[in-house]
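Input: a single structure, listed below in structure tokens.
The values are calculated or read from the model by the stated rules, or taken from the named source; none is laboratory data. Predicted model, so just to flag it, every value in this text is computed and none were measured. Backbone-built Cβ (ideal geometry, glycine too); neighbour counts: all protein chains shown. The accessibility values were calculated without ligands, DNA or RNA, using every heavy atom of the protein model including side chains. Shrake-Rupley method; radii C 1.70, N 1.55, O 1.52, S 1.80 Å.
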Amino acid sequence: MSLTNPCSHPPREDGRGGFLTRKLNKEQHGIGLKSVKAIVRKCDGTLNHEYDRETKLFNISVLLKDKV
């Protein structure tokens, strides 16, 4: 799964594997990515992220292992 979001400024990492929000109500944001990370861990998957300064796009890729 790959998710892409426009982002006019590079995301700022929080030093704990997450990102700092630029939104005004900071306590009600960031839950979505934390939930995705929890699912990735539970399914023994991988999560990668990158920011393209030229296109100003932030991309997150998730790969979950097939448990056969």
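The table below gives the values:
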{"read-out": "Odd one out for Lys42, checked against (1) at positive phi; (2) exposed (fewer than 10 other Cβ atoms within 10 Å of the Cβ)", "value": "(1)"}
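Conditions tested, residue by residue: (1) open to solvent by 100 Å² or more (accessible area, probe 1.4 Å); (2) within 10 Å of the chain's Cα centre (by Cα); (3) not β-branched (Val, Ile, Thr).
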| position | (1), (2), (3) |
| --- | --- |
| Pro6 | yes, no, yes |
| Gly15 | no, no, yes |
| Asn25 | no, no, yes |
| Gly32 | no, yes, yes |
| Ala38 | no, no, yes |
| Leu47 | no, yes, yes |
| Lys56 | no, no, yes |
| Asn59 | no, yes, yes |
| Asp66 | yes, no, yes |
